[in-house]
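Enquirer: Take this structure, written in C-alpha cells, and hold onto it; I'll ask about it next.
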Amino acid sequence: MSTWIQIAYLISTALFIFSLKWMNDPKTARRGVAAGVAAMLVAVIGTLINPAIVASNYKWIALAIIIGSAIGVPLSWVPLTAVPQRTALSHAFGGLAAGLVGVAEFYLSFSESGQELSHFRAAALCAEVLLGFLTFTGSLMAAGKLQEIVPTRPITYKGQNIVNIGLLAVAIVCCIVLSTDVSYKFIFPFIIVLALLFGVLLLIPIGGADMPTVISILNSYAGLSAVAMGFVMDNKLLITAGALDGSSGLILSIIMCKAMNRSFTNVLFGAFGQIQAASADSQQKTVKSATPEDAAQIMEQANTVVIVPGYGMAVAQAQHRVRELYDQLTKRGITVKFAIHPVAGRMPGHMNVLLAEADIPYTDLVEMDDINPEMPQVDVVLVVGANDVVNPAARTNKSSPIYGMPIINADKAKTVLAIKRTMNPGFAGIENELYYADKTLMVFGDAKAVVGDIAKHLSGENS
Amino acid sequence: MKPSLFKSFAAAFAVLAAGGILSAAAGETTGEAAAGTVQHASAAGMDYIPIIFVFMLSTFVGLDIIRRVSRLLHTPLMSLTNAISAIAVVGSILIAGQQHSEYKFNILGMVAIVASVSNIVSGFLITDRMLKMFKKREGSKP
C-alpha cells in the first residue's frame, strides 16, 4: 500500500509542475488549472488510502471536507475587485492549517508512540508553527486592511522596528532552545503566541501601496510552512508542492520590489506612505481642468490613446466604463493600449484581471517596459485612478520617497488627461508634478462617472 | 535569475546543511520508528538529507517555472498557488484520521482540513473564473 501512496504523490508532484508550467501563456492556462485539480485529487486519494487512518474517522474527514467546500465555494464568487482580500484570507487559512497540524504533531510526539522528536524534526516543527501562525494573523491583518475594516494608513510608533525585530529574535531563540532539547516543551506555547503577535505587528506599518509585495511575501510563507510540515512528517509531496508555492511567492515579491525600486527589508520595515510633513510648503501651483466633453473632443483627434489604470479604477469599479470608452475609440480607428505598471492595484496582476473581466483583449494590455519607448509618439494618455506610477518625480526629484522607482512615462506623451476625485495626494502621500504640467488637463470626478461621460459624448456625436 | 537570488539560496541551503551536520555531530539519538504511524519515518541519523535534496531541487524547478509565467496572469497565478499550498490537507487528513489517545488531536486535524479544503475549492474555482476572462481580440469582437 505504501508504494501506491508514494506513486500517487509522485504523479501529483508532476501534475503540479505542469500546472504551473501551463500558466506561462493565457492560451494554456486553463489546462494548468485542470492539472492542478487532478494533482490535488490524486494527492487526497493517495492520503485517504493510508492504512494509518482508522475506518471510523472517515466520516469525520468527509464532514470536514464538506464544511471546507461550503466555505470555499462562496469565497470564489467574490467580485474581482475583492480578489486581493480573498487571496489574503486564503493565505490566512493556509497558515492556520499548517500551524494547527504543527501543534497536533508536537503534542502527539509526547503523548503517543513514545517516539521522541529528533533535533531536525523539532526545528522543522518550530519553523512550521512560527511561519504558519505569523502568516495566519499577518494575512488576516492584510485582508482587514484591504477590506478597510482595519485602518489602511500605516501606523508607526517610535522603536517599532526594534520591537518587531526583538520579538522575532525572541521567537527564534525559543525555537533554537526547543530544538536543542525538546523536554523544554513549556516553551512551545510561547512560540505560538509570539508568532501570532509578530504577524499583527508586522502588518501594522504596511500601507496600501505596499500590499502587492506583502501579499506575495505571505504567499511565500504559506508555502514554506507546508515545506516545514513536509520535513516534520517526512512527506515529499508536501515539500515539493510547498516549495513550488514558496518560490512563486518569492519571485512575485522580487518583481514587486524591483517595480518599486525598494528592498524587502525596506518594504517590511520602512513604513512607506506616511504623509510628508514637508509637503505643505509646496508653492501654489495652477492646475488646468477640463470637462468630460473636452476630454472626449481631445481623444477624438488622437491617433493613439494609452490608458493608464490604477487602484482608483478598481475602487470606482470603472473597468466596464473603460471598456465602453475603448469600444468608442477603437470604432473610430484610434489605437488604444493599456499601460500596466507591475504594482498598479493591490496585488500582482490586479489590473490585468479587472480589464479582462471587462472583456478587453489581453493583447492590448502592455507592460510598462514595452510601452515606455513608444510614449513620445502617443497623442493622449488617460490616467484612470493611477498616481504614483506616473509621477515623474520618480525620475527627477532625488528627495522624493519614490525616487528611482520605474514609472510609466505618461509625461512624455503629447497630452495627458488625468481623472481624479480631488487634488489630494495618492496613497503614498506624494505630490504628483504631472498634474501641474502644461500639457496636463485634470478631469475631476468619480472615475466611473467621468469615463462613462466621456464614452457617452463620443458615441453621441457620431451615431 | 539574478545572481543575488542565487546567493541567498546558496546561503539558505548552506545554513540547512550546517544545521544538519551540527545536529549529527551532537550525537543525535535514533528515535524508535513507531509502528503503525506511517508519517513518522525513522528519525535516525542523516535521514533528513534526502528530503533537503528534494526541497532544494523543487525550489530551483519552481523558481525557473514561475519566472516564465506571463505577467498578465500574476493574479490567477497567486490564487492557483493558494490552492496548491493547501496541500497541507495531506498532513491535516493524516492527523484527523489516525487513532489518537485524545479527541482534541482529531479536532485540530479536522479544523485544518476545513481550512485547507476551503482554500483548494475557492482557489481553483476563482483561478478558472479569472482565466476564462482572458480573451484574444478575435474572440471578443461582438
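Just so you know, all these numbers are worked out from the coordinates, no wet-lab data involved. Everything numeric here is computed off the predicted structure, so don't read it as measured data. Note that each Cβ is placed from the backbone with ideal geometry, even for glycine, and that neighbours are counted across all protein chains shown.
Enquirer: Applying the Karplus parametrisation 6.51 cos²θ - 1.76 cosθ + 1.60 with θ = phi - 60° to the phi angles of the stretch B:64-74, what ³J(HN,Hα) value in whole Hz is obtained for each residue in order, glycine and proline being reported as x?
Expert: So the Karplus estimates, Gly and Pro as x, are 6, 5, 5, 4, 8, 5, 4, 5, 4, 9, 5 Hz.
Enquirer: Continuing with the same structure: Give me the percent relative contact order of the stretch B:72-142, please, defined on Cα pairs under 8 angstrom at least 6 residues apart.
Expert: Answer for the stretch B:72-142 is 41 percent.
Enquirer: Rounded to the nearest 0.05, what FRET efficiency do A:K27 and A:R332 have when you use their Cβ-Cβ distance and R0 = 22 Å?
Expert: Between A:K27 and A:R332 the formula returns 0.15.
Enquirer: Which peptide among A:121-129, A:314-322, B:60-68 comes first, and what is the full order, when sorted by highest mean count of other Cβ atoms within 10 Å?
Expert: Highest to lowest by the protection proxy: A:121-129, A:314-322, B:60-68.
Enquirer: Among A:N432, A:A122, A:V200, which residue has its Cα furthest toward the positive end of the charge dipole of chain A, with +1 on Lys/Arg Cβ and -1 on Asp/Glu Cβ?
Expert: It is A:A122, whose Cα lies furthest towards the positive end.
Enquirer: Determine the gain in length on full extension of the stretch A:Q301-A:A38; use 0.36 nm per residue of separation and subtract their C-alpha separation, reporting nm with one decimal.
Expert: 89.5 nm
Enquirer: To the nearest 0.05, how large is the calculated FRET efficiency for A:T396 and A:I187 if R₀ is 35 Å and r is the Cβ-Cβ distance?
Expert: Efficiency at R0 = 35 Å is approximately 0.05.
Enquirer: Under a point spin-label approximation (7 Å from Cα along Cα-to-Cβ), what is the A:N261-A:I71 distance to one decimal in nm?
Expert: 4.3 nm
Enquirer: Structure shown: which of A:K158/A:K420; A:K439/B:K135; A:K448/B:K132; A:K21/A:K412; A:K145/B:K136 lie over 28 Å apart, alpha-carbon to alpha-carbon?
Expert: A:K158/A:K420; A:K439/B:K135; A:K21/A:K412; A:K145/B:K136
Enquirer: Please give the average number of partner chain Cβ atoms lying within 10 Å of the Cβ of each residue in A:47-56, rounded to a whole number.
Expert: 5
Enquirer: Separation of the stretch A:46-67 and the stretch A:99-154 by C-alpha centroid, Å?
Expert: Value for the Cα centre distance between the two parts: 23 Å.
Enquirer: From Cα coordinates alone, what are the radius of gyration and Dmax values for the protein assembly as shown in angstrom?
Expert: 25.7, 85
Enquirer: Nothing charged except the Cβ atoms of Lys and Arg (+1) and of Asp and Glu (-1): what's the magnitude of the dipole of the protein assembly as shown about its Cα centre? Round to the nearest 20 debye.
Expert: About 860 debye.
Enquirer: For the stretch A:82-272, how big is the tail of P(r) above 28 Å, as a whole percent of Cα pairs?
Expert: Everything past 28 Å amounts to 24 percent.
Enquirer: Seen from all sides and averaged, what is the projected area of the convex hull of the Cα atoms in the stretch A:99-199, in nm²?
Expert: For the stretch A:99-199, the mean projected area of the Cα convex hull comes to 7.0 nm².
Enquirer: What's the magnitude of the charge dipole for the stretch A:285-462 around its Cα centre, counting Lys and Arg as +1 and Asp and Glu as -1 at the beta-carbon? Answer in Debye, nearest 20.
Expert: Using Cβ point charges on Lys, Arg, Asp and Glu, the stretch A:285-462 gives about 360 debye.
Enquirer: At a Förster distance of 45 Å, what's the computed FRET efficiency of A:T286 paired with A:A62, Cβ-Cβ distance as r, to 0.05?
Expert: The pair A:T286/A:A62 has a calculated efficiency of 0.10.
Enquirer: I would also like to ask the following. Highest first, please rank the peptides B:75-88, A:433-446 by the mean number of other Cβ atoms sitting within 10 Å of their residues.
Expert: Averaged packing, sorted descending, gives the order B:75-88, A:433-446.
Enquirer: A follow-up question, please. State the answer as a single residue: which of A:I61, B:G123, A:L140 lies farthest towards the positive end of the charge dipole of the protein assembly as shown, with beta carbon charges of +1 for Lys and Arg and -1 for Asp and Glu, about the Cα centre.
Expert: My answer, from the dipole projection, is B:G123.
Enquirer: Per residue of A:360-368, count partner chain C-beta atoms within 10 Å of its C-beta, then hand back the mean as an integer.
Expert: 4
Enquirer: Further question: Using +1 at the Cβ of each Lys and Arg and -1 at the Cβ of each Asp and Glu in chain A, identify which of A:P26, A:G95, A:P79 lies farthest towards the dipole's positive end.
Expert: A:G95
Enquirer: Take peptides B:119-126, A:104-111, A:226-233 and line them up by average Cβ neighbours within 10 Å, highest first, as a rough protection proxy.
Expert: Put in order of decreasing packing, that is A:226-233, B:119-126, A:104-111.
Enquirer: For a distance above 23 Å, tell me the whole-number percent of Cα pairs in the stretch A:285-462 that qualify.
Expert: Percentage above 23 Å: 32.
Enquirer: Let me ask you something else. If you count, for every residue in A:80-87, the Cβ atoms of partner chains within 10 Å of its Cβ, what is the mean?
Expert: Average per residue, whole number: 3.
Enquirer: Pull up all non-local amide H partners of A:V383: gap of 5 or more, or a different chain, and H-to-H distance under 5 Å with H placed in the peptide plane.
Expert: The answer is A:V308, A:L417, A:A418, A:I419.
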